[in-house]
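Presented below is the structure to which this report refers.
The values are calculated or read from the model by the stated rules, or taken from the named source; none is laboratory data. Since the structure is predicted, the reported quantities are computational estimates derived from the model, not experimental observations. Cβ placement follows ideal geometry from the backbone for every residue including glycine, while neighbour counts extend to all protein chains displayed. The area values use the complete protein model at the heavy-atom level, side chains included, leaving out ligands, DNA and RNA. Shrake-Rupley method; radii C 1.70, N 1.55, O 1.52, S 1.80 Å.
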Amino acid sequence: MASTLGLVLSFLIFPGLLFTAVIGLVTQWIDRKVSALVQWRVGPPWYQPFADILKLMGKEIIIPAGARRAGFLFAPMAGLAAVGVVSTMLWLTNMHGTGFVGDLIGVIYLLTIPSLGIILGASASSNPLASIGASREMKLVLAYELPFVIAIFTAVTKVSPMTLRLDGILDYQAANGVLLGNASCILAFIVCILVVQAKLTFPPFDIPEAETELMEGTHIEYSGAALAVIKLQQAMMLFTLPIFLITVFWGGLVLSGWGILYTIVKYVIIIVIIVLIKNTTPRVRIDQAVRFFWGPVTVIAVVGMILAILGF
Amino acid sequence: MDPTKWGFKKSLWLFHLNAGACNNCDIEVLDCLCPKHDVERFGMKLVGSLKHADVLLVSGSVPRKVVPDLIEAYEQVPQPAVVIAIGACACTGGIFKDGYNFAGPVDKHVPVAAYVPGCPPRPEAIIGAVVKLLGTL
Ligand code: SF4
């Protein structure tokens, strides 16, 4: 009973929903601040994302005429819950080494659910621009999942004995040095950074919510608390995806002594890479994005995989 | 203070509606977002969808054709929301007040919270108007 309560608490408070949301919002501020600095602006104060969420909580929720009410409102919740579960799993694995066979596959599945939630919600909103956004998001998911899975399984191949457990990968890295020290995993890591960019729908892959042509696309019809849920989910993804990459490729989170500092440095490096890519690239078309992911990116991922099988 | 109200004051999302303006006022609105003035310092940003907006920046003299669209746009913004009339046209009609197609000004059709005169108003004037408006909320 006590352990059930502990699990529920760890999902709801630390390191699940609440903790992830707070750190995610702080990360979103880093993103906005760095973007502002790149553009020679001052940028918003540190509490800006929190103020946004609070404000949205106090606004009216408009449900468009002709929309499927339940689907429209609950689709974002599914995404939020999925990210919360992923974050809880990653942190518990990193802190206590609690894993189970195949949790890596579970994480890969759960990381797709926010995109599916967005697609469902957009399709339920009966707005033509939202449905264009949803179809683009769908194509984007199809495009990036293949290289993503190949890249993650490069890490799995590299670990000996091969394992699908996150804590197995962490143990191997603790004993033999981080995976990022191998040529194959460097290639896989580059692929993953590009995929993370698409998963977050940041430029150059912000095609589903293209501001200028689709007016925020997939979430054009959301307002008030429902929009707050979407914003929270995006913030939590921004926090969870780098943690996932650190866990798989970069030795995991070390939460004692100097390790804390090292962990934060790793996290910030990944975030800054993501934000710099976001600020220096223009948006591509959806066909270019699909060709990019199925062409060069998949080739890089496969080369990484072959190198890993050859033992590099 | 009510947290949602605090959030509202600290994070105004702007939607920019051209109701028959000559485009000059709109350029001044965009000036506010540029590095020199950078209203993101105060948490303001332009959003693409009416459903996300807190502030409707209306510029232009509101010709007859635009009236239904202006009213519909106002009704689509989730409450609480405010409307700011930008420019002499939006405030009074300006040089177009005797035009054959003039159906404005803006406050004849939707409630306006702040008026920014000028043809076009300077970005400083627009920011000043928003700051004064925040003081009254
Ligand atoms: S107020 Fe002047 S600048 Fe603004 S829309 Fe009217 S005519 Fe143009």
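Please give the residues of region A:165-179, grouped as numeric ranges, whose backbone N is less than 15 Å from a label point set 7 Å along the Cα-to-Cβ vector of A:Ile108.
Under cut-off, by backbone N: A:165-166, A:169.
Within region B:3-136, what whole-number % of the accessible surface is contributed by carbon and sulfur, with the 1.4 Å probe and all protein chains included in the calculation?
60
Specify the angular offset, from 0 to 90 degrees and rounded to the nearest 10, of the alpha carbon long axis of helix A:258-280 from the longest principal axis of the alpha carbons in chain A.
So the helix axis and the longest Cα principal axis differ by about 50 degrees.
With the full set of protein chains in place, find how many percent of the accessible area of region A:4-310 is carbon and sulfur; take the probe as 1.4 Å.
75
Tell me the total accessible area that B and A bury against each other, 1.4 angstrom probe, in square angstrom rounded to 100.
Using a 1.4 Å probe on protein heavy atoms, the buried area is about 2400 Å².
Provide, in order from the shortest bin, the percent of all Cα-Cα pairs of region A:180-290 in each 10 Å bin, continuing until the bin that contains the maximum pair distance.
P(r) for region A:180-290, in whole percents per bin: 13, 38, 32, 14, 3.
First measure r as the distance between the Cβ atoms of A:Leu7 and A:Ile273, then evaluate 1/(1 + (r/R0)^6) with R0 = 45 Å and state the FRET efficiency to the nearest 0.05.
It comes out at approximately 0.85.
Angle check, please: helix A:69-96 long axis (alpha carbons) against the longest principal axis of chain A (alpha carbons), in degrees 0 to 90, nearest 10.
20
Let me understand region A:4-310 better: what is its radius of gyration from the alpha carbons, and its Dmax, in angstrom?
Rg then Dmax for region A:4-310, in Å: 19.1, 59.
I'd like the FRET efficiency for B:Glu72 and B:Cys34, computed as 1/(1 + (r/R0)^6) with the beta carbon distance as r and R0 of 25 Å, rounded to 0.05.
0.25
Using a 1.4 angstrom probe on the protein heavy atoms only, line up B:Asp98, A:Asp31 by accessible area, largest first.
Values: B:Asp98 130, A:Asp31 10 Å².
Most to least solvent-accessible, the answer reads B:Asp98, A:Asp31.
Would you work out which of B:Thr4, B:Val39, B:Leu134 lies farthest towards the positive end of the dipole of region B:3-136, given +1 charges on the beta-carbon of Lys and Arg and -1 on that of Asp and Glu, about the Cα centre?
Checking the options against the dipole of region B:3-136, the answer is B:Thr4.
Of A:Ile118, A:Leu180, A:Phe202, which is farthest along the charge dipole of region A:107-247 in the positive direction, counting Lys and Arg as +1 and Asp and Glu as -1 at C-beta?
Working it through, the farthest residue towards the positive pole turns out to be A:Leu180.
Which residue fluctuates most in the GNM of chain A (Cα springs below 10 Å): A:Arg285, A:Arg41, A:Arg68?
Between A:Arg285, A:Arg41, A:Arg68, it is A:Arg41 that shows the largest mean-square fluctuation.
Listed here are the pairs A:Lys158/A:Lys278; A:Lys33/A:Lys278; B:Lys5/B:Lys132; which of them are more than 19 Å apart at the Cα?
A:Lys158/A:Lys278, as the Cα separations exceed 19 Å there.
Using a cut-off of under 17 Å, list every residue of region A:71-93 whose amide N is near the label point 7 Å from the Cα of A:Ser256 along the Cα-to-beta-carbon line.
A:92-93
What FRET efficiency, computed as 1/(1 + (r/R0)^6) with R0 = 51 Å and r the Cβ-Cβ distance, is obtained for A:Leu142 and A:Ala175, rounded to the nearest 0.05? Please report the intermediate quantities before stating the final value.
Numbers: r = 37 Å, r/R0 = 0.73.
Efficiency, rounded to the nearest 0.05: 0.85.
Just reorder A:Glu145, A:Glu137 by solvent-accessible area, largest first, 1.4 Å probe, all chains present.
A:Glu145, A:Glu137
Calculate the dipole size of chain A relative to its Cα centre from +1 charges on Lys and Arg beta carbons and -1 charges on Asp and Glu beta carbons; express the result in debye to the nearest 20. The partial results should precede the final answer.
Working: 18 positive and 15 negative charges, 49 e Å.
It comes to approximately 240 debye.
Using alpha carbons only, how many degrees (0 to 90, rounded to 10) separate the axis of helix A:17-38 from the longest principal axis of chain A?
Roughly 80 degrees, rounded to the nearest 10.
Find which of A:Met215, A:Val38, A:Val275 sits farthest along the positive direction of the dipole of chain A, computed with +1 on the beta-carbon of Lys and Arg, -1 on that of Asp and Glu, about the Cα centre.
Of the listed residues, the answer is A:Val38.
P(r) tail for region A:1-40, what percent of Cα pairs lie past 13 Å?
On the way: 477 of 780 pairs.
Here the tail beyond 13 Å accounts for 61 percent of pairs.
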